[in-house]
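Here the structure is laid out as structure tokens; the discussion comes afterwards.
All of the numbers you see were taken from the coordinates with simple rules; none came from a lab. Values in this document were obtained by computation on a predicted structure and should not be read as measured data. Please note: Cβ atoms are built from the backbone with ideal geometry, for glycine as well, and neighbour counts cover all protein chains shown.
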Amino acid sequence: MAANLALTPDQINRATATVIKNNPAYADILEFYGRLFVAQKESENRLWIESLQIPEDLRAVKAREKFPLIEIKDFAYDKTESADLFVAIGRLAQEANPQLAAAAAVILDAIDTNLDPADLFDGLLNGNEALFENVAATLAIEKQVLGFITYNSLKPSLGTCAAQLGAYLDPDDPWLEGYCPICGSAPILSFLEGEGARSLICSFCWHQWPVKRVYCPFCDNSDSKTLHYLHSDTEKDRRVDLCDQCHKYIKTLDTRQVDRRIYPPLEQIATLHLDIKAREEGFEAGVKLFLEE
Ligand SMILES: [Zn+2]
Ligand SMILES: [Zn+2]
């Protein structure tokens with residue numbers, strides 16, 4: 001089954017239950033993420049964003065020069081929805097592991113008093129790491145938790161922007177680069193579909209785009225002698241693509257081997273053991289994951 005971001009909250013719940021059944025070790029973490037993904041989908045269904053317009057002549061230049069359509073700072077977001085979702089995620093996090101719960105409680109208190117989530121949203125989109133460091137230091141919490149809640153509150157808006165902007169991309173002129181055609185970010189997952197066609201999915205806006213089958217998105221390597229895979233005997237649908245040239249890896253899901261619904265954010269979490277395995281082999285993630293240093 002092809003990867004699909006357009007699932008209903010019910011379908012996300014069912015997909016989560018199926019993945020938990022197949023990977024019981026992930027039950028705790030996926031129960032949290034399942035609720036998070038449903039809250040995001042419900043928010044996405046309510047939000048409203050004015051479409052970003054890109055004039056045709058600028059689009060032509062970007063397509064020719066292989067520049068992404070926008071920069072991260074250009075993403076629009078629904079302020080009210082994102083702020084509501086911030087509080088909703090904070091509450092979900094309070095039911096999660098004790099460390100996350102304690103930090104979420106402090107953040108929600110700050111929101112009630114003097115912390116405006118809109119400052120965090122603007123800070124994240126403008127790459128203002130100092131803001132996250134300062135707020136985290138003031139609240140005596142990990143900045144990763146603050147970044148995690150902030151990004152996940154924006155994510156429905158980012159996906160909506162990406163879907164709107166996707167209409168500008170020419171399907172007859174495939175992008176084929178290792179970075180997102182919408183926002184320029186690195187990919188977080190790769191998928192094999194249909195006749196073996198490969199696509200990447202953006203770690204920031206979750207747009208999906210086609211690439212060459214034998215290809216490292218992080219250094220443009222397409223030499224099959226220096227590209228190989230880590231396979232697991234028990235998981236025929238999953239592998240890790242490793243590049244000997246840049247020593248980075250990306251996780252790949254072979255959707256032809258899967259008959260469940262594939263919701264990419266769920267698959268990203270349910271494959272964290274592959275991240276560990278790839279790192280044990282001396283490879284680095286091509287993209288930084290949240291909740292890491
Ligand atoms: Zn993107
Ligand atoms: Zn590489």
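For the ranges 49-56, 243-250, what's the packing order if you count other beta-carbon atoms within 10 Å of each residue, average per peptide, and put the highest first?
243-250, 49-56
Within 13 Å, Cβ to Cβ, of I149, how many net charges do the neighbouring residues add up to if Lys/Arg are +1 and Asp/Glu are -1? All intermediate terms of the calculation are to be shown ahead of the outcome.
Details: positive: R91, K143, K155; negative: D84, E142.
Summing Lys/Arg as +1 and Asp/Glu as -1 gives +1.
Can you work out the Karplus-derived ³J(HN,Hα) for every residue in segment 202-209? Use 6.51 cos²θ - 1.76 cosθ + 1.60 with θ = phi - 60°, whole Hz, and x for glycine or proline.
The phi angles translate into 6, 6, 10, 9, 6, 5, 10, 9 Hz.
Can you run phi through the Karplus equation (6.51, -1.76, 1.60; θ = phi - 60°) for segment 26-37 and list ³J(HN,Hα) in whole Hz, with x for Gly and Pro?
With the stated coefficients, segment 26-37 comes to 8, 3, 4, 5, 6, 5, 5, 5, x, 5, 4, 5 Hz.
Before rounding to the nearest 500, sum -39500 (n - 2.57) across all DSSP H runs of length at least 4 in the chain and divide by the residue total; then give [θ] at 222 nm in deg cm²/dmol.
Values: 10 runs with 135 residues, N = 293.
So the helix-based figure for the chain works out to -14500 deg cm²/dmol.
So between A2 and E50, what do we pick up on full extension, going 0.36 nm a residue minus the alpha carbon distance? Show your work: numbers first, answer last.
On the way: separation 48, 0.36 × 48 = 17.28 nm, distance 2.91 nm.
Roughly 14.4 nm would be gained on extension.
Do you know the relative contact order of segment 5-143, to the nearest whole percent, from alpha carbon pairs under 8 angstrom that are 6+ apart? Mind dumping the intermediate values first?
On the way: 88 pairs, mean separation 26.3, N = 139.
Taking the mean separation of contacting Cα pairs over the length of segment 5-143, I get 19 percent.
Can you sort H207, H228 so the residue with the fewest Cβ neighbours within 10 Å comes first? Spell out each step's value before the answer.
On the way: H207 26, H228 13.
Final ranking by Cβ density, sparse to dense: H228, H207.
I'd like the Karplus ³J(HN,Hα) series for segment 123-134: coefficients 6.51, -1.76, 1.60, θ = phi - 60°, whole numbers in Hz, and an x wherever there's a Gly or Pro.
Per residue, the Karplus-derived 3J(HN,Hα) values read x, 5, 5, 9, x, 7, 5, 4, 4, 5, 5, 5 Hz.
Looking at this model, which pairs from K212/K236; K73/K277; K41/K248 are more than 29 angstrom apart at the alpha-carbon? Walk me through the intermediate numbers first.
Values: K212/K236 21 Å; K73/K277 34 Å; K41/K248 31 Å.
Beyond 29 Å: K73/K277; K41/K248.
Just to be sure I understand: with springs between alpha-carbon atoms less than 10 Å apart, which residue in S199, S224, S43 has the highest mean-square fluctuation in the Gaussian network model of the chain?
S224
At a threshold of 8 angstrom on Cα-Cα distance, excluding pairs fewer than six apart, so keeping six or more, what relative contact order does segment 188-252 reach in percent? Walk me through the numbers on the way to the answer.
Working: 108 pairs, mean separation 16.6, N = 65.
Once normalised by length, the contact order is 26 percent.
Modelling each spin label as a point 7 Å along the Cα-to-Cβ direction, I'd like the T18/D233 distance in nm, to one decimal.
Rounded to a tenth, the inter-label distance reads 2.7 nm.
Restricting to Cα pairs below 8 Å that are 6+ residues apart, what does the relative contact order work out to for the chain? Please round to a whole percent. All intermediate terms of the calculation are to be shown ahead of the outcome.
Values: 450 pairs, mean separation 59.0, N = 293.
Taking the mean separation of contacting Cα pairs over the length of the chain, I get 20 percent.
Amide H neighbours of H207 under 5 Å, at least 5 residues apart or on other chains, H built in the peptide plane: list them.
C202
Hey, in the GNM for the chain with a 10 angstrom Cα cutoff, which one of G123, G178, G196 fluctuates hardest?
Taking springs between Cα atoms under 10 Å, the residue moving most is G196.
Rounded, prolate or oblate, given the Cα gyration tensor of segment 186-293, with a/c below 1.5 counting as rounded?
On the way: a/c = 1.23, a/b = 1.10, b/c = 1.12.
Taking the square roots of the gyration eigenvalues as a ≥ b ≥ c, segment 186-293 is rounded.
Write down the Å³ per residue value for the convex hull defined by the alpha carbon atoms of the chain. Walk me through the numbers before you get to the answer.
On the way: hull volume 40.5 nm³, N = 293.
So the per-residue hull volume is 138 Å³.
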